[in-house]
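Heads up, the thing below is written out as structure tokens.
Quick note: the coordinates plus some simple rules give every number you see, no bench work behind them. No experiment lies behind these values; they were computed from the predicted model shown. Here Cβ is always computed from backbone atoms with ideal geometry, including for glycine, and neighbour counts include all displayed protein chains.
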Amino acid sequence: MAANSFMVPLGTPAPAFDLTAINGGSVSLEDLKGSPATLVIFLSNHCPYVRHIEDGIGALAADYDARLSIVAISSNDSVNYPDDDPTHLAEQAERAGFTFPYLLDETQEVAKAYRAACTPDFFLYDAQMQLVYRGEFDGSRPGNSERVTGASLRAAIDAVLAGDPVPEDQRPSLGCGIKWKPGNAPA
């Protein structure tokens, strides 16, 4: 079932996290500080909305390279959705050309802290780790005729990197609702 992002208030500080990466080790929010822009993406492997744009996410990461810190987080219940287990996430990262860390939020506490609602869900922070963009990758959706370009997110990243304000008129992301573990869905 499709869900929209919650559109967290702009200016919200990035919640701290320290999560295990799919290939071992851990990554924390502290590890990402020092970049002019940081992108936190909530993703999954099984969602058709993510699959539709995953190559575009890989291309975006390659295009911005060292100018942008990126981390992906999977918060889905991988017991009931085994396509979102670490092995399948690693296959997705390889398939889509993800060059950024892909982290596991097994307790789902990080998704709750960010108020993530769907996959994909994008959160862009400035150098002070204040939220400047939350919303869609672009207007492309499975089944519509728009090309996957990442135009909405790229415009926000470009503004942050140029030191310009990001327009506040932002469209929510649309995707599969996060697959919460029984009794874990936010109230």
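Observations on the structure shown:
- For the chain, the Cys residues with no second cysteine's beta carbon closer than 4.7 Å are 118.
- Size descriptors for the chain: radius of gyration and Dmax over Cα atoms are 14.9, 44 Å.
- Estimated FRET transfer efficiency (residue 168, residue 33; beta-carbon r; R0 30 Å; 0.05): 0.80
- Per residue of the chain, the DSSP helices (runs of n ≥ 4 H) give a summed -39500 (n - 2.57) that works out to -8000 deg cm²/dmol at 222 nm.
- Rounded to the nearest whole Hz, the Karplus-based 3J(HN,Hα) values (6.51 cos²θ - 1.76 cosθ + 1.60, θ = phi - 60°) of the stretch 129-144 follow the sequence 6, 9, 5, 10, 8, 8, x, 6, 6, 6, x, 6, 9, x, x, 9, with x at glycine and proline.
- Under 18 Å from a label point set 7 Å out along the Cα-to-Cβ vector of residue 7, the amide N atoms of the stretch 139-171 belong to 139-140, 152-153, 156, 166-171.
- Just checking the listed ones, 128, 108, 92: in the Gaussian network model of the chain with Cα springs under 10 Å, the one fluctuating most is 128.
- For the stretch 147-187, the average shadow cast by the Cα convex hull is 4.9 nm², which is a quarter of the hull's surface.
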